[in-house]
Amino acid sequence: MNPLNVVPRLHCHARAIRQGALDGIGPSATAAGGARALRVAELRTHPGAEAGVKACVRFYLRWVSAERAAASFLLAGRPDDQAALRERNRGFFAEVTAWWDTHVHYGVLRSLPFDLINALWLGPAHEYARHWLAGRAKRVPASVADSLADAAWQALKEAR
């Protein structure tokens, strides 16, 4: 991925979040939708298992670092309308699951339920981001991205 393309995408996403708040969509829903779209874009850019797993973690932490307000919205909680959330997530889950299942088929990634995949993949990055946003972690999330990306890969790769 060309790092020069990251900042414009992040700023466009932040504008969409602010616009969503003005349009009554709700910033949390817009932030979550944008984050899902960016994660899928990372998988398309990095089709290999290790590269894709690590790229998603790194991109997410760069995004949190660059878009603190949007990240705060995203990590604040889930919307009350769970049916609408499931509908917005349907395409995202289908695309990520198809990417994942391809790598499981070739013995590169572990066969796990999606909730566990997500917890192992981005859970530590989310937790670090929450600590940073609350002022308890001093290092900018992007500065710890390689360590958390490596940890995600170690947790998700198939043992050989």
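The values are calculated or read from the model by the stated rules, or taken from the named source; none is laboratory data. These numbers were taken from a predicted model, which means no experiment stands behind them. Here Cβ is always computed from backbone atoms with ideal geometry, including for glycine, and neighbour counts include all displayed protein chains.
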Residue hits (segment 99-122; part of a helix (DSSP H, G or I), surrounded by 14 or more Cβ atoms within 10 Å (Cβ to Cβ) and either hydrophobic (A, V, I, L, M, F, W, C) or modelled with pLDDT of 95 or more (or both)) are Trp99, Trp100, His103, Val104, Ile117, Ala119, Leu120, Trp121, Leu122
Kindly indicate whether Gly135 is under 21 Å from Glu42 (Cβ atoms), out of contact with any strand residue (DSSP E or B) (no Cβ under 7 Å at 6 or more places or on another chain) and without any contact (Cβ under 8 Å) to a residue 12 or more places away in the chain.
no
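Please work out if Arg130 is part of a helix (DSSP H, G or I), surrounded by fewer than 18 Cβ atoms within 10 Å (Cβ to Cβ) and basic (Lys, Arg).
Values: part of a helix (DSSP H, G or I): yes; surrounded by fewer than 18 Cβ atoms within 10 Å (Cβ to Cβ): yes; basic (Lys, Arg): yes.
Taking the combined requirement at face value, the residue satisfies it.
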